[in-house]
Amino acid sequence: MAGSLLELPSAFVERPAVVAVGNFDGVHRGHQALLAEAARMAGELAATPYALTFWPHPAQVLAGKTPTLLTALPRRAELVLEAGMRALLVQRFDRAFAQLSPEAFFERLLVRELGAKGVVVGGDFRFGRDRAGDGATLEALGRAHGVRVFSVRMVEDDAGPVGSRRIRQAIADGDVRTAAALLGRPHAIEGVVERGAQRGRTLGFPTANVATGEVQVPAVGVYAALVSAAPLGPGRKLAVVNVGHRPTLADGRGLTVEAHVLGASTDLYGASMRVEFLERLRGEQRFDGLESLKRAIAADCEAARALAPAEAP
């Protein structure tokens with residue numbers, strides 16, 4: 001079952017296992033350090049490494065709050081595989097599960113269900129009813145059950161710990177460069193290309209209107225980005241992406257994400273597109289006419305080309 005996203009309970013977990021436990025939204029640099037330790041420990045213990053997460057987000061169940069996501073669940077599965085895990089295991093989080101004591105969480109889920117020989121968590125990990133379990137609890141349970149436990153120190157930069165909250169704020173501010181530095185890769189959204197008003201085509205800059213889903217969209221503005229979609233062929237293509245309300249055209253369509261793929265004329269309707277944000281070029285503006293808008297878009301394209309990595313045409 002390599003390459004899978006598995007919902008627990010699962011008969012496909014290869015035992016013994018080393019289990020990295022966390023939310024893993026974003027699979028950012030801090031998460032990557034945790035997964036690297038799990039992979040290292042698995043090699044040392046001749047075990048199979050897995051990442052374990054919870055769905056829906058515990059805050060949604062316990063507090064009725066649904067945080068914006070940095071990555072959808074299928075994308076998290078891809079990223080943990082790239083980090084060396086065998087699969088992303090998904091434990092359904094509901095009120096019954098939330099009532100498990102720390103001891104039951106460890107014994108039933110990690111030891112009995114998954115056959116954990118090693119467990120890796122972040123330094124701020126809490127578990128069990130009322131978040132009563134902490135690192136010391138985990139270590140004591142590990143000793144009692146013969147399970148190696150390791151708590152990974154938080155990754156920090158000059159501004160402090162690397163965490164999902166900081167990344168969400170950077171994206172909300174349109175600071176996708178900082179978000180990329182914290183994630184270890186550009187922040188991305190994925191969606192199906194929908195048919196729009198086709199005004200970009202009449203301007204000479206056809207756009208792909210990407211449906212927004214559950215993943216956080218950056219602040220309104222114009223961005224240099226890399227996009228990928230099956231009709232575009234292999235690799236990532238350079239694009240200028242407008243996130244906003246199209247004030248010059250005043251078409252009342254609400255917030256849209258529109259990607260103009262440089263040098264591409266392929267029909268993308270119905271295709272799934274990934275948009276990776278590289279840099280915010282400017283804020284959203286209202287222009288005094290279509291000619292002014294066209295000149296601004298042309299300038300945006302030149303600015304994007306100046307930022308393009310070597311792999312983009």
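Tabulated data
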{"item": "Any hit, region 10-33, residues being at pLDDT 95 or above, surrounded by 22 or more Cβ atoms within 10 Å (Cβ to Cβ) and farther than 28 Å from VAL215 by Cβ", "result": "yes"}
{"item": "Boolean, ALA132 is of a type outside the set (Asp, Glu) and touching a Pro at 6+ places or on another chain (Cβ under 7 Å)", "result": "yes"}
{"item": "Region 62-85, subset farther than 19 Å from GLU276 by Cβ and at pLDDT 95 or above, residue surrounded by the fewest Cβ atoms within 10 Å (Cβ to Cβ)", "result": "GLY84"}
{"item": "Residue satisfying all of: in region 116-134; more than 26 Å from ARG29 (Cβ to Cβ) and buried (at least 16 other Cβ atoms within 10 Å of the Cβ); modelled with the lowest pLDDT among these", "result": "GLY128"}
{"item": "Qualifying positions in region 122-145 - in a loop (DSSP other than H, G, I, E, B) and free of Cβ contacts under 8 Å to residues at least 24 places away in the same chain", "result": "ARG126, ASP134"}
{"item": "Region 146-193, residues that are without any contact (Cβ under 8 Å) to a residue 40 or more places away in the chain, touching a Leu at 6+ places or on another chain (Cβ under 7 Å) and part of a strand (DSSP E or B)", "result": "VAL149"}
{"item": "Verdict on VAL147 being at pLDDT 95 or above, closer than 29 Å to VAL215 by Cβ and assigned by TED's automatic domain parsing to the domain that holds ARG108", "result": "no"}
{"item": "Tally, over region 147-179, of residues that are among the small types (Gly, Ala, Ser) and under 21 Å from GLY22 (Cα atoms)", "result": "5"}
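The values are calculated or read from the model by the stated rules, or taken from the named source; none is laboratory data. What you see is a predicted model, and the numbers here were worked out from it, not measured in a lab. In this analysis, Cβ positions are derived from the backbone assuming ideal geometry, glycine residues included, and neighbour counts consider all displayed protein chains.
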